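This report refers to the structure that appears directly beneath it.
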Amino acid sequence: MRFTILDYGTMQLPKNMLIDGETTDFWPIPIWGILMQSEGRNIIFDLGCMKDAMQEGHWSTFQQERDPYEENPEGIDGMLAKVGLTRADIDTVIVSHLHSDHFGLISEFPHVEAYVPEEEWVVAMKRAFGTSAVREDPTGPYYFRTMSSPVKQYNFVKIGEDQEVCEGLRIITLPGHTPNLLAILVTVDSGEKYLFPSDAVYTPINAGPPIHLPGVLSNAEAYRSSMERAIEIAKAEGAHLMYSHWMPFFDTLKKCPEWYE
């Protein structure tokens, strides 16, 4: 198993969305995923924002104003080309959750087998397929365009259904940010381990000690429990905890085409 970091772009978010009690000033946060290779498979964890999100007719005006996004001009095709791949070479996608900054490029991968959190899927489908007004101008994080994107097969992972996908790759469920969320534990060929908790742990400030919850979440009790579990797993496994939306941390990481192996 080896992996490389896919840098999709940068979003601006109010600090108090990430850390409860912070100011409403905006922070730049990284939007990213990882490309993994194991046993002849090419797997992507998280798909960033939809292409041309800030253009008219893509993201809603509401989200464009609330969460301004600067897309990496290389795009997914440019990053994959750096390692000799195309979208057609990707066989599996694991989506931590279905928010617009993690599920946006699903329409680019109709041929893949995808893993998604089941409990959140139900909520997202209700939101995305609600009234025509919601479909045309969503104010939440779910889009009809992404939720209606077909793939070869969707695998729905329930809370508590942690599972091995292949050698060196394990899915771990961490609900709270959303009704369910899929994290991954990656063990590379050298034996080093990396826990990617997605939005179950935004920043080292959230992780503490003491733990600081974010300002926006689905369930505070579940979020705290999942964050504690992520920290415990990282400690027990001797794994690096990979904070999802902390630019000072992201800036230290090697990016595509450099590999962790």
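Which one is surrounded by the fewest Cβ atoms within 10 Å (Cβ to Cβ) among residues in the stretch 172-194 that are hydrophobic (A, V, I, L, M, F, W, C) and over 13 Å from the mean Cα position of the chain (by Cα)? First the steps, then the outcome.
As a first pass, look at the stretch 172-194 and keep what is hydrophobic (A, V, I, L, M, F, W, C): 172, 174, 181-186, 188.
Next, only the ones that are over 13 Å from the mean Cα position of the chain (by Cα) stay: 172, 185-186, 188.
Numbers: Ile172: 21, Leu185: 21, Val186: 24, Val188: 17.
Per the stated criteria, the residue is Val188.
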Hey, does the stretch 85-105 have a residue that's under 28 Å from Ile172 (Cα atoms), in contact with a strand residue (DSSP E or B) (Cβ under 6 Å, 6 or more places away or on another chain) and among the hydroxyl-bearing types (Ser, Thr, Tyr)? yes
Taking Arg170, is it among the basic types (Lys, Arg) and under 20 Å from Met36 (Cβ atoms)? yes
Near pairs, Cβ below 9 angstrom, 6+ apart or cross-chain, from the stretch 20-40 (closer than 21 Å to Gly78 by Cα) to any residue that is part of a loop (DSSP other than H, G, I, E, B) and open to solvent by 60 Å² or more (accessible area, probe 1.4 Å): Pro30/Asp251; Gln37/Glu261
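Select from the stretch 124-149 the residues that are assigned to a helix (DSSP H, G or I) and touching an Asp or Glu at 6+ places or on another chain (Cβ under 9 Å) and list them in ascending order. Don't jump to the end; show me each part of the working.
So the first thing to find is which residues in the stretch 124-149 are assigned to a helix (DSSP H, G or I), and the list is 124-128, 132-136, 144-147.
The answer is Phe144, and nothing else.
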Qualifying helices (runs of 4 or more DSSP H) (wholly inside the stretch 151-256; at least 1 residues being without any contact (Cβ under 8 Å) to a residue 24 or more places away in the chain): 220-237, 247-250
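Is it the case that Asp52 is closer than 20 Å to Phe103 by Cβ, open to solvent by 10 Å² or more (accessible area, probe 1.4 Å), of a type in the set (Asp, Glu) and in a loop (DSSP other than H, G, I, E, B)?
Working: closer than 20 Å to Phe103 by Cβ: yes; open to solvent by 10 Å² or more (accessible area, probe 1.4 Å): yes; of a type in the set (Asp, Glu): yes; in a loop (DSSP other than H, G, I, E, B): yes.
Answer is yes for this residue.
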Mind checking which residues of the stretch 21-49 are at pLDDT 95 or above and not in a strand (DSSP E or B)? Asp46, Leu47, Gly48, Cys49
If only one of Glu70, Glu65 is in contact with a Gly (Cβ under 7 Å, 6 or more places away or on another chain), surrounded by fewer than 16 Cβ atoms within 10 Å (Cβ to Cβ) and outside any loop (DSSP other than H, G, I, E, B), which one is it? Glu70
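The values are calculated or read from the model by the stated rules, or taken from the named source; none is laboratory data. A quick note: this is a predicted structure, and the numbers were derived from the prediction, not measured. Heads up, the Cβs are rebuilt from the backbone with ideal geometry, glycines too, and the neighbour counts pull from every protein chain shown. Accessible surface areas use protein heavy atoms only, side chains included; no ligands, DNA or RNA. Shrake-Rupley method; radii C 1.70, N 1.55, O 1.52, S 1.80 Å.
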